[in-house]
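The values are calculated or read from the model by the stated rules, or taken from the named source; none is laboratory data. Since we're looking at a predicted model, the values are computed, not measured. When we count neighbours, we look across all protein chains shown, and the Cβ atoms used for this are built from the backbone with ideal geometry, even at glycine.
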Amino acid sequence: MKPADPGKHLRNIKTLCQALSQTRRVHRQGKDIMTHNPEVVRSDALLQEVAEKMRTLEIGILPVCNDDRVVGLLTDRDLTVRATAAGCDPTMIQVCEGMTTNVVYCFEDQTSPKQLSLWKNNRCAEYSS
């Protein structure tokens, strides 16, 4: 009779721990993965101001809000493709002219599977899991 493989028991425990971790990750709520009090910009801000803010904060995306309402997103790609490549002067163009307006979002109490389904159904280019 062969002696038991002690490594097999450890591998089984590791697999079980990974499965439990994955289950917890899949069922997180929006409030567990969201950024609380994010930096935002107004739709009437100039693109140059927002580009400077992105550089200072070392980020590539900012929600665009008017009062307490999200009206769009501005990404570093929006700045490059919609403004710079089009030959726009970023000191003269407002965020509302270059932002992405079709914003897909979730609520704090939605679980990750619902969030992923929402994002995938809306053909979002990037979503987190």
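Applying the condition of being modelled with pLDDT of 75 or more and small (Gly, Ala, Ser) to region 83-117 and asking which residue is surrounded by the most Cβ atoms within 10 Å (Cβ to Cβ) yields Gly98. Answer yes or no as to whether Glu39 is surrounded by fewer than 16 Cβ atoms within 10 Å (Cβ to Cβ) and in a loop (DSSP other than H, G, I, E, B). Yes: the conditions hold for Glu39.
I want to confirm something. Restricting to region 45-82 and keeping residues that are in contact (Cβ under 8 Å) with a residue 12 or more places away in the chain and of a type in the set (D, E, K, R), which single residue is surrounded by the fewest Cβ atoms within 10 Å (Cβ to Cβ)? If we take residues in region 45-82 being in contact (Cβ under 8 Å) with a residue 12 or more places away in the chain and of a type in the set (D, E, K, R), then Arg77 is surrounded by the fewest Cβ atoms within 10 Å (Cβ to Cβ). What do you reckon, is Asp32 assigned to a helix (DSSP H, G or I), modelled with pLDDT under 85 and among the charged types (D, E, K, R)? The answer is yes for Asp32.
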